[in-house]
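The values are calculated or read from the model by the stated rules, or taken from the named source; none is laboratory data. Please read these numbers as outputs of a predicted model, since none were measured by experiment. Glycine also receives a Cβ, built like all others from the backbone with ideal geometry; neighbour counts cover every protein chain displayed. Just so you know, the surface numbers come from the protein's heavy atoms only, side chains and all, with ligands and any DNA or RNA stripped out. Shrake-Rupley method; radii C 1.70, N 1.55, O 1.52, S 1.80 Å.
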Amino acid sequence: MNAADIVSWLAVQLKPRYHVSGLEGIYYERKPYRITTPDTPMQAVTRFIALARVGNPQKDKWIYAMNLTPIDKMKMNDILQKTTDETECPYNVQELSNTVIPQNQMKRHQYFYDMSTPVDEKEHKKVKRQKIEFDQNKCWFCLASSNVEKHLIITVGNETYLALAKGGIVEEHFLICPVQHHQSSISLAKDVLEEIEQFKEAITKFYARNNSVPVFFERNYKTSHMQLQCIPIPSAAQRELEDIFHDEAESQGIKLIELDSSPLDQIVESKKPYFFLQLPNGKKFCAKIDGSKGFPINFGRDVLAMGPILNMSDRVEWKDCILGKKDEEMLVKRIRTDFEPYDISESI
Ligand SMILES: [Zn+2]
């Protein structure tokens, strides 16, 4: 066993998002990989960065700036999302484990990292199986989940709730989400859908006070809990909006189908991914997503941000727009007060 084995073993246990090394004094960035083990099949990618010596004469990179979002502030989907240049895990997890900590010494290392086998082997297996399944208690959007960011919630109805979008494109960028866990609006019961319509009406009136109109969209692709995005745009911008959406969709190979009066579930097969859009003129569109071809994750938000509609090209990525918790709390407090006269949750 050598020092590298111990560091490798440690990396396997910790599964860091960034692994930085200065040992060899060489600048090197490895393509990302995921350290998965049977216990933890779902992991964020690891990026390995080796840096040169400080002030080295070759001027090789020795300093590295990072802008990190804490993992508990990230969405599960973003954590799990594949990168195009992902490579295989460079570690032989089993071999490392055997080399670094022989089975008979396991217990001695408990103070550092508890790898001991639970006494009840059956219990252990049960825990393992649960981990692989989607854990609703950890859903970012289930109201009952411990992970839901309660300080972002504006108001709660019977079936749905209204929340501030984290990293919203503009201040009054909202989400309408079902209280219970549902993946998409296709799986929703009639009363849930009705309440969403009531919220949409209330939001339309709310935005109108600022001469704005709402664009609603839902992406049922790489999401686990349904979210209807609500973004206000200046009323004057809506005239061009439909053409802009069509042009953008076409240029990205997306076919927007107008829904007329037919409901979404007659166009999209159940459990198939889709993108749904409702423009301020009331027209509804959907795009069927071919999972194998992928779909631009920011479509909708980028059309509004990049083009002349909102003209905020630096606000396409929600992660670049995240406010500090204090600012989020202050903003939600202001919106709760302003939204109160429009709130439907009090009348239902
Ligand atoms: Zn959920």
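Quick check on Phe285: is it surrounded by 11 or more Cβ atoms within 10 Å (Cβ to Cβ) and not in a helix (DSSP H, G or I)?
On the way: surrounded by 11 or more Cβ atoms within 10 Å (Cβ to Cβ): yes; not in a helix (DSSP H, G or I): yes.
Yes; evaluated as a whole, the condition is true for this residue.
Take Lys166 and decide whether it is surrounded by fewer than 20 Cβ atoms within 10 Å (Cβ to Cβ) and within 29 Å of Met306 (Cβ to Cβ).
Working: surrounded by fewer than 20 Cβ atoms within 10 Å (Cβ to Cβ): yes; within 29 Å of Met306 (Cβ to Cβ): yes.
Here the answer is yes, as Lys166 does meet what is asked.
Please count how many residues of the stretch 261-282 are without any contact (Cβ under 8 Å) to a residue 12 or more places away in the chain and either assigned to a strand (DSSP E or B) or at negative phi (or both).
The qualifying residues number 5.
So, in the stretch 256-275, exactly how many residues are of a type in the set (S, T, N, Q) and closer than 17 Å to Gly294 by Cβ?
Kept after step one, since they are of a type in the set (S, T, N, Q), are these residues of the stretch 256-275: 261-262, 266, 270.
Imposing the further condition that a residue be closer than 17 Å to Gly294 by Cβ reduces the set to none.
The qualifying residues number 0.
Considering the stretch 288-300 alone, what residues qualify as being open to solvent by less than 30 Å² (accessible area, probe 1.4 Å) and among the aliphatic types (A, V, I, L, M)?
Ile289
Find the residue count for the stretch 157-185, including only residues that are aromatic (Phe, Trp, Tyr) and either within 15 Å of the ligand (Cβ to nearest atom) or over 17 Å from Arg301 (Cα atoms) (or both). Give the derivation first.
Of the residues in the stretch 157-185, the ones aromatic (Phe, Trp, Tyr) are 161, 174.
Subset that is either within 15 Å of the ligand (Cβ to nearest atom) or over 17 Å from Arg301 (Cα atoms) (or both): 161.
Selection size over the stretch 157-185: 1.
Between a residue in the stretch 138-149 that is in the same structural domain as Leu164 (by TED's automatic domain parsing) and near the ligand (Cβ under 9 Å from one of its atoms) and any residue that is of a type in the set (A, V, I, L, M) and in a loop (DSSP other than H, G, I, E, B), which pairs come within a Cβ distance under 6 Å, given they are 6 or more apart or on different chains?
Here the result reads Leu143/Val179, each pair linking the stretch 138-149 to a residue that is of a type in the set (A, V, I, L, M) and in a loop (DSSP other than H, G, I, E, B).
Looking at this structure, is Arg219 open to solvent by less than 30 Å² (accessible area, probe 1.4 Å), closer than 20 Å to Val170 by Cβ and under 24 Å from the mean Cα position of the chain (by Cα)? So that I can check it myself, show each step before the final result.
Numbers: open to solvent by less than 30 Å² (accessible area, probe 1.4 Å): no; closer than 20 Å to Val170 by Cβ: yes; under 24 Å from the mean Cα position of the chain (by Cα): yes.
For Arg219, the condition - open to solvent by less than 30 Å² (accessible area, probe 1.4 Å), closer than 20 Å to Val170 by Cβ and under 24 Å from the mean Cα position of the chain (by Cα) - is not met.
What are the residue pairs meeting all of these: first residue in the stretch 245-260, first residue under 14 Å from Val215 (Cβ atoms), second residue outside any loop (DSSP other than H, G, I, E, B) and open to solvent by less than 70 Å² (accessible area, probe 1.4 Å), Cβ atoms under 6 Å, and 6 or more apart or on different chains?
Phe245/Val303; Glu248/Val303; Leu256/Ala249; Leu256/Phe285; Leu256/Ala287
Looking for something outside any strand (DSSP E or B), aliphatic (A, V, I, L, M) and within 16 Å of the ligand (Cβ to nearest atom) - is there at least one such residue anywhere in the stretch 225-245? I'd like the intermediate steps shown before the answer.
Quick first cut of the stretch 225-245, residues outside any strand (DSSP E or B) only: 225-227, 235-245.
Okay, now just the ones that are also aliphatic (A, V, I, L, M), so 226, 236-237, 241, 244.
Next, from what is left, pick out any that are within 16 Å of the ligand (Cβ to nearest atom): 226.
Yes: the stretch 225-245 contains one or more residues that are outside any strand (DSSP E or B), aliphatic (A, V, I, L, M) and within 16 Å of the ligand (Cβ to nearest atom).
For the stretch 200-220, indicate whether the set of residues that are farther than 30 Å from Ala237 by Cα and within 16 Å of the ligand (Cβ to nearest atom) is non-empty. So that I can check it myself, show each step before the final result.
Quick first cut of the stretch 200-220, residues farther than 30 Å from Ala237 by Cα only: none.
The answer is no, given that none of the residues of the stretch 200-220 is farther than 30 Å from Ala237 by Cα and within 16 Å of the ligand (Cβ to nearest atom).
Could you tell me whether Val303 is under 16 Å from Ile244 (Cα atoms), assigned by TED's automatic domain parsing to the domain that holds Glu171 and open to solvent by less than 80 Å² (accessible area, probe 1.4 Å)?
Numbers: under 16 Å from Ile244 (Cα atoms): yes; assigned by TED's automatic domain parsing to the domain that holds Glu171: yes; open to solvent by less than 80 Å² (accessible area, probe 1.4 Å): yes.
Yes, satisfied.
Kindly indicate the residue of the stretch 308-339 that is in contact with a strand residue (DSSP E or B) (Cβ under 8 Å, 6 or more places away or on another chain) and part of a helix (DSSP H, G or I) and also most open to solvent (accessible area, probe 1.4 Å) among those meeting that condition.
At the first step, the residues of the stretch 308-339 found to be in contact with a strand residue (DSSP E or B) (Cβ under 8 Å, 6 or more places away or on another chain) are 309-310, 328, 331-332, 335-336, 339.
Applying the additional criterion that residues be part of a helix (DSSP H, G or I) yields 328, 331-332, 335-336, 339.
On the way: Glu328: 6, Leu331: 18, Val332: 1, Ile335: 0, Arg336: 101, Phe339: 3 Å².
Here the answer is Arg336.
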